[in-house]
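Working notes for the structure below.
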Amino acid sequence: MTLQNRKALLSAAVFFCCFAIPDAILAQTVKLHISSKAGDRLAAKPDLLFSDGQLSSGATFEINDAVKFQKIDGFGASIMEAGILTLNTLPADKQEEVLRALFDPQVGAGYTAMKTPVAGTDFQSAGPWYAYDDTPGDVELKNFSVQRDFGPNGVGTYILRARKYGHFALQAPMDYPPDWMLFDVKRHQDIRPKYYPVLAKYFIRYLEEYKKRGIVVDYLSLFNEPEEVYTKIKYPEIAVLLRDFVGPALQQSGLTTKLMMSEAPERKVAYKRYPVVLNDPAARKFVSVVAYHGYDFKNFDKIAELEKKYPDLTFWMDELCYAYEAGYPKSKKLPIYDFDDGDVWGNIIFSDLEAGTSAWLYWNAILDETGGPWAVSPVHGNPDPNIQHPVVIINKNTHEITYTGTYYYLAHFSKFVRPGAVRVQTSGVAKGMRVMAFQTPEGGFVVQLLNSLQQDSGVNLTSKGRTLHVELPARSISTLTW
């Protein structure tokens, strides 16, 4: 090859590097899915392309993937007897349709994080209140049984049916231990310290019995809303139970389950109470995830502050719903069929993720047209009535299935922001509009765009010097992937 030919070849290579590759990047296809008040439901729209032209009219948001935040663990809801009881009222094919809609990542929402209770709670309604060993004084747990959970209306059966369609991490909290471990179930619902070793054994038996039946519980949470709502054990006592009993017992068991210390009912309560456990190094070493509930519907900044104090820990918002018992106005009818209500949940998900949470779980996945069926046990905090709003409403008489606004707004996250994705920096402010971006483990991107306004609005996204214009329908959530 002559020197002149080599120079020509080098010039061509330089031209290709400088011009052909950027052109290829600009030509990259951007997929768009929209759910909106106008009627779209996870609807695929025509592909979009980035450009290097001038910005169009509308708000501008910039994605900077050089700045990374939390890794995502998943999105989902909760598995309870009320859900499978209601599901089982449908014809067999319709039952599978609902399970696919919740758990199949291709045709449905593809939930990737779910919650299931350790025995009784307010929507374990296939029978009376129960623990896994209700025999007073049975410290050897000779009568321990999870049989109810694996009957036709049991949560174990529900989990196994759901897992035919998709995999999800499973988290399990406990409202109460067996009543005989308490000082007094009617008045003093704290646990007698002499039963701490037995309770640790009780937790391990639960995990082992589930594993025997093909279910690995990924995270065990000691107590659901302790101190203030259910078991009245205080956080200093939780630290002792975790540090000296449950943590070591789990460590010795050889199980892969990890621990959550407990979960407060509100973000502000978590901020106040959790440090007494997390500031104890011997207790904290057993904590893998910090879970909290969102029933204050605010105080996201408190979770962000906790994140800064304990940056080595992962945070989950793992319960929230509408319920009259949780303060939802009784003048408004539950459950809610109106798609437009999904915007409330979209904004809460955005706010919790911006605070640094890695998973977001709603409460009941499935309920009937009455917002039930609920369990009744006033002494355990389960009143009658206890009407709540689910993700999916099934009319047990007409067999009508309603996928609520909650379902669609949550599905945009669960379906497209899969475990392992990392939230990246997004800058820009516009009234009524929010944008959040994630980078996938494969190097792709997912962007969620929320339009809470009552009119269509245009948005410009900039990334790596490129620009993309998107028209957002009124009251909508849109997902971009590339």
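Just a few scattered comments:
- Each of PRO385, GLY428, ALA411 was placed along the dipole of region 329-447 (beta-carbon charges, centred on the mean Cα), and the one lying farthest toward the positive end is GLY428.
- Pairs exceeding a 28 Å alpha-carbon distance, out of LYS94/LYS298; LYS71/LYS232; LYS45/LYS115; LYS115/LYS164; LYS298/LYS464; LYS68/LYS309: LYS94/LYS298; LYS71/LYS232; LYS45/LYS115; LYS298/LYS464.
- Over region 155-204, volume per residue of the alpha carbon convex hull, in Å³: 100
- Centre-to-centre, using Cα atoms only, region 374-450 and region 168-231 are separated by 27 Å.
- Each part reduced to its alpha carbon centroid, region 247-303 and region 68-123 end up 24 Å apart.
- The VAL379 and SER57 beta-carbon pair, evaluated with R₀ = 41 Å, returns a calculated FRET efficiency of approximately 0.10.
- Acute angle (nearest 10 degrees) that the helix 405-416 long axis makes with the longest principal axis of the chain, alpha-carbon atoms: 60
- Dipole moment magnitude, nearest 20 debye, region 256-311 about Cα centre, only Lys, Arg, Asp, Glu C-beta charged: 100
- Distance between the 7 Å Cα→Cβ label points at SER288 and ALA92: 3.7 nm.
- Taken per residue, the accessible surface of region 312-375 reaches 30 Å², heavy atoms only and a 1.4 Å probe.
- Accessible carbon and sulfur surface of region 59-109 relative to its total accessible area, %, 1.4 Å: 50
- Sites VAL229 and THR398 - FRET efficiency at Förster radius 35 Å, r taken between beta-carbons, to 0.05: 0.50
- Using a simple spin-label model with pseudo-atoms 7 Å out from Cα toward Cβ, ALA43 and PHE69 lie 3.0 nm apart.
- In range of the label at ASP301: residues from region 258-284 whose backbone nitrogen is under 16 Å from the point 7 Å along Cα→Cβ: 267-269, 271-272
- Sorting 384-395, 415-426, 271-282 by average packing, meaning the other beta carbons within 10 Å per residue, from highest down gives 384-395, 415-426, 271-282.
- Per-residue packing, averaged as other Cβ atoms within 10 Å, sorts the ranges 217-225, 91-99 into the order 217-225, 91-99, beginning with the highest.
- Long-range HN-HN contacts of GLY294 with modeled amide H, under 5 Å: GLU319
- At 1.002 mPa s and 20 °C, Stokes D of the chain from Kirkwood alpha-carbon radius, µm² per second: 90
- Judged by the mean number of other Cβ atoms found within 10 Å, the most tightly packed of the peptides 347-358, 191-202 leads the ranking 347-358, 191-202.
- Relative contact order (%) - the chain, alpha-carbon pairs under 8 angstrom, separation at least six: 23
- Principal-axis analysis of the Cα atoms of the chain puts helix 300-309 at an angle of about 90° to the longest axis.
- MRE, 222 nm, helices only [DSSP H, n ≥ 4, -39500 (n - 2.57), over the chain, to nearest 500]: -7500 deg cm²/dmol
- Nearest-0.05 FRET efficiency for THR440 and HIS188, computed from C-beta distance (R0 51 Å): 0.50
The values are calculated or read from the model by the stated rules, or taken from the named source; none is laboratory data. Because the structure is predicted, anything quoted here is derived from the model rather than measured. Neighbour counts run over all protein chains shown; Cβ positions are idealised from the backbone, glycine included. Remember, those area values only see protein heavy atoms, side chains included, never the ligands or the DNA or RNA. Shrake-Rupley method; radii C 1.70, N 1.55, O 1.52, S 1.80 Å.
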